[in-house]
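To keep things clear, I will list the structure first and then write my remarks on it.
The values are calculated or read from the model by the stated rules, or taken from the named source; none is laboratory data. In this text, all values refer to a predicted model and were calculated from it rather than measured experimentally. Every residue, glycine as well, gets a Cβ built from its backbone with ideal geometry; the counts of neighbours run over all protein chains shown.
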Amino acid sequence: MKINDNVIKLDCTKGSYAYAVIGDEGVTLIDTSLPGRGNAIVSELKTYGINLLDIKRILLTHHDIDHIGNAAYFQENCNCEIFISSMDYDYAMGFKKRHGIKKVLGSIMKISIPKSLKQISTDKIGNFSVIPTPGHTPGHTCFQYNDVIFAGDLISSKNGNPTMPPSIMNWNKGKLIGSLQKLSIENVKYICPAHGEPIMVNNNWSDFIKTISNK
Ligand SMILES: [Zn+2]
């Protein structure tokens, strides 16, 4: 589904949404969803006239398996650059064990690791702004493109409203709330989470921040 002229929500990745952004610099994917969905993503992109080789880069919001699941697939097939925060790099590469319950999930679900991951070292990647949002994972990162924020697992949504991601999945809830409180939504129209549908920003956001801050 197109969110606007440039942004596509990849419906085939429901459960852990990945998004595609059509920019001057080619196509950027935000996250890659659960392992095994690479071909389905390619087929869906074709319906928008996008070919595999149009994909120039992938921005990963964090190291969880349902986000990096097809990163290796895309790098092998289209040689795109893949970016992740330096704090999450070791987890994505398998150099560090994931936290809590994810340690178990990580040993059950084996995934291919991309050959090369670039560690983010700037606050802009092409036309995307890099927004560090630690909490769900140590190096969780959101990316903003014009009036759209790609939120990964900083936030989930239900019936179009923001909700907290399940506590058991968060590395540090206090830091997560801090990141949410700091997120600047000035001039932002959509916040696109992985779990749940895109949130159209209106009063629901300030109500949500008030609620989580009072808990
Ligand atoms: Zn997730």
- Given (1) more than 16 Å from the ligand (Cβ to nearest atom); (2) in contact (Cβ under 8 Å) with a residue 12 or more places away in the chain, index of the condition I68 fails: (1)
- Task: Answer with yes or no whether I191 is at pLDDT 95 or above and outside any loop (DSSP other than H, G, I, E, B).
- Result: yes
- Residues located in the range 176-192, provided they are surrounded by 15 or more Cβ atoms within 10 Å (Cβ to Cβ) and either among the hydroxyl-bearing types (S, T, Y) or touching a Leu at 6+ places or on another chain (Cβ under 8 Å) (or both): L176, S179, L180, L183, Y190
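Hey, among the residues in the range 111-154 that are of a type in the set (K, R) and not in a loop (DSSP other than H, G, I, E, B), which one's nearest to the ligand (Cβ to nearest atom)?
Initial filter on the range 111-154 (of a type in the set (K, R)): 115, 118, 124.
Checking the rest, the ones that are also not in a loop (DSSP other than H, G, I, E, B) come to 118, 124.
Details: K118: 21, K124: 25 Å.
Ranking the candidates gives K118 first.
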- Item | Counted residues, the range 111-141 - those being among the aromatic types (F, W, Y) and without any contact (Cβ under 8 Å) to a residue 24 or more places away in the chain | 0
- Apart from one, (1) farther than 21 Å from T141 by Cβ; (2) modelled with pLDDT of 95 or more all hold for D24; the odd one out is (2)
- Within the range 158-175, residues buried (at least 20 other Cβ atoms within 10 Å of the Cβ) and either away from the ligand (no atom under 13 Å from the Cβ) or assigned to a strand (DSSP E or B) (or both) come out as P162
- Message: Pull out all pairs, ordered by first then second residue, where Cβ-Cβ is under 8 Å, the residues are six or more apart or on different chains, the first lies in the range 180-202 and is closer than 17 Å to P134 by Cα, and the second is within 16 Å of the ligand (Cβ to nearest atom) and part of a helix (DSSP H, G or I).
- Response: A194/D66; A194/H67
- Single condition R98 does not satisfy, out of (1) in contact with a helix residue (DSSP H, G or I) (Cβ under 9 Å, 6 or more places away or on another chain); (2) closer than 22 Å to E197 by Cβ; (3) not in a helix (DSSP H, G or I): (2)
- Pair list, Cβ under 6 Å, 6 or more apart: the range 1-26 residue in a loop (DSSP other than H, G, I, E, B), other residue hydroxyl-bearing (S, T, Y): I3/Y190; S16/S33; A18/T32; A18/S33
- Message: Suppose we filter the range 42-89 for residues that are assigned to a loop (DSSP other than H, G, I, E, B) and within 15 Å of S16 (Cβ to Cβ); how many remain?
- Response: 7
